[in-house]
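Bear in mind that the values in this text are calculations on the coordinates, not laboratory data. Fair warning: this is a prediction, and the values are worked out from it, not measured in the lab. As a convention, Cβ positions derive from the backbone with ideal geometry for all residues, glycine included, and neighbour counts pool all protein chains shown.
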Amino acid sequence: MAAKQKTIVIGVTGSISAYKAADLASRFAQAGFRVEVIMTSEAVQFIAPLTFRNITGRPVVTTMWDLASEFSVEHIALAEAADIVLIAPATANIIAKIAGGIADDMLTCTVLATKAPIVIAPAMNDNMWANEITQENVTHLKKRGFSFVGPGYGRLASGKMGTGRLTSLDEIFGVVLQILGRKGDLARKHIVVTAGGTQEPVDPVRCLTNHSSGKMGYAVAEAARNGRRNVRLGT
Ligand SMILES: Cc1cc2nc3c(=O)[nH]c(=O)nc-3n(C[C@H](O)[C@H](O)[C@H](O)COP(=O)(O)O)c2cc1C
């Protein structure tokens, strides 16, 4: 029996790195997810909803007040449909709003109403990230079970180096799969994977072997790791 398609709700907020969310949406769509995108009104200043619509094949939610939208009728429909909610990039503003329990747009309503795990990938200026107010908001949300991935260190939009960049898309993708996997089919299973060529002794000095690169074993281990943390890889 085919596994049920997972739904990821991606919240995109008003950061200069919003364009990277298009790549993320594409990765999840290619991985077989139903991808629903909610953009804040600031996010649409940075990237067009049409981009996400074409990538996901789904309508993009940009407001609660679009009477033609299937979601405006039931403003918490996406909260219920979500298997996981990812906010990437997440501004200092959205983190503060969520920490304060504000629900004044579709993204914050969805976050407040969902029972799905929520992953936040912050992206902002390094001083905004280091600010005690932001740090207190992050600590508060972590205590409440929100997962954070990043931000990373590197060149910021201002041109200077610092911590505040949206972390790598590989990392965000991996964390989402890992969190989903903890609840999935492989949960509580220990997996042992061997990678690389095998050897079969012919006699005490000779053996039969092959040219395996080990790449397949590594890929299997990586997929298993994304589904469950307890993986042992041998070569
Ligand atoms: C060019 C530009 C880039 C911005 N980049 C960021 C950013 O990376 N991170 C951030 O927290 N705010 C950034 N801001 C400020 C946010 O857009 C602003 O706080 C906005 O109210 C966020 O709204 P939202 O959280 O509802 O999307 C930027 C603003 C401008 C004009």
Burial ranking of peptide ranges 29-37, 5-13, 136-144 (average Cβ count within 10 Å, highest at the top): 5-13, 29-37, 136-144
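Could you sort 52-61, 83-92 so that the peptide with the highest average Cβ count within 10 Å comes first and the rest follow in order?
Numbers: 52-61: 18.9, 83-92: 25.0.
So the peptides 52-61, 83-92, ranked by packing, come out 83-92, 52-61.
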Above-threshold pairs, the threshold being 30 Å between Cα atoms, out of 142/215; 20/143; 143/215; 115/160; 160/215: 142/215; 143/215; 115/160; 160/215
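Near residue 105, within a Cβ-to-Cβ distance under 14 Å, what is the net charge of the other residues, with Lys and Arg +1 and Asp and Glu -1? Walk me through the numbers before you get to the answer.
Details: positive: 97; negative: 42, 66, 104.
Counting the neighbours of residue 105, the net charge comes to -2.
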Gap separating the Cα centres of the range 115-144 and the range 150-177, nearest whole Å: 14 Å
Whole-Hz ³J(HN,Hα) from phi, Karplus 6.51 cos²θ - 1.76 cosθ + 1.60, for the range 201-211, glycine and proline x: x, 8, 8, x, 10, 10, 9, 9, 9, 9, 9
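With a cut-off of 8 Å between alpha carbons and a minimum separation of six or more residues, what is the relative contact order of the range 114-220 in percent?
Details: 123 pairs, mean separation 22.2, N = 107.
Relative contact order for the range 114-220 comes out at 21 percent.
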Summed side-chain charge close to residue 29 - residues other than residue 29 whose Cβ falls under 14 Å, Lys, Arg +1, Asp, Glu -1: +3
Ellipticity estimate at 222 nm from DSSP helix runs (n ≥ 4, -39,500 (n - 2.57)) divided over the chain, nearest 500: -10000 deg cm²/dmol
Among beta bridges that DSSP assigns inside the chain, antiparallel share in %, nearest 5: 25 percent
